[in-house]
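Q: Would you mind keeping the following structure in view while I ask a few things?
What follows is calculated from the coordinates using simple rules that are stated; it is not laboratory data. Quick caveat, the model's predicted, so the values are computed rather than measured. Note: ideal-geometry Cβ built from the backbone for every residue, glycine included; neighbour counts use all protein chains shown.
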Amino acid sequence: TAIVDCTEVQTERPSLDSTNSAMYSNCKSRHTYKVLVACTPGGTVSFVSNTVGGDMSDVELVRRCGILDLFERGDKVMADKGFNNKDDFLLG
């Protein structure tokens, strides 16, 4: 049903200290914006999350963005090994 991944885009260093810490990506060692994108197996973009600061983990973004509410029993989701939250995608 979906192939999901997060992507980050570099941005300038914010002038506000509170924003600065939220935008800094330890993984990329720079300030970034991050979004979660889902595509269908055919390549059509089916979901784009709101933009968040680069300090948020991919797992936390999945949990907060609302995409999990869109899946139904039987849906299949592909994600790279960085998404170590498989249980979030299992529907009870």
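Q: Under 18 Å from the Cα of K76, which aspartates and glutamates turn up, not counting those fewer than eight places away in the same chain?
A: Reachable aspartates and glutamates: D5, D87, D88.
Q: Compute the longest continuous run of the chain that contains no exposed trypsin sites (Lys or Arg not before Pro); treat a site as exposed when its DSSP state is not H, G, I, E or B and it has at most 16 other Cβ atoms within 10 Å.
A: Result for the longest clean stretch: 29-72.
Q: Two decimals, Cα atoms only, Kirkwood Rh: what is Rg/Rh over the range 2-82?
A: Over the Cα atoms of the range 2-82, Rg/Rh equals 1.03.
Q: What does the charge count around T11 come to, taking other residues whose C-beta lies under 12 Å from its C-beta (Lys +1, Arg +1, Asp -1, Glu -1)?
A: Net local charge, T11 excluded: +2.
Q: Please give the length that would be gained between D69 and T1 if that part of the chain were fully extended, namely 0.36 nm times their separation in residues minus their C-alpha to C-alpha distance (nm, one decimal).
A: 23.1 nm
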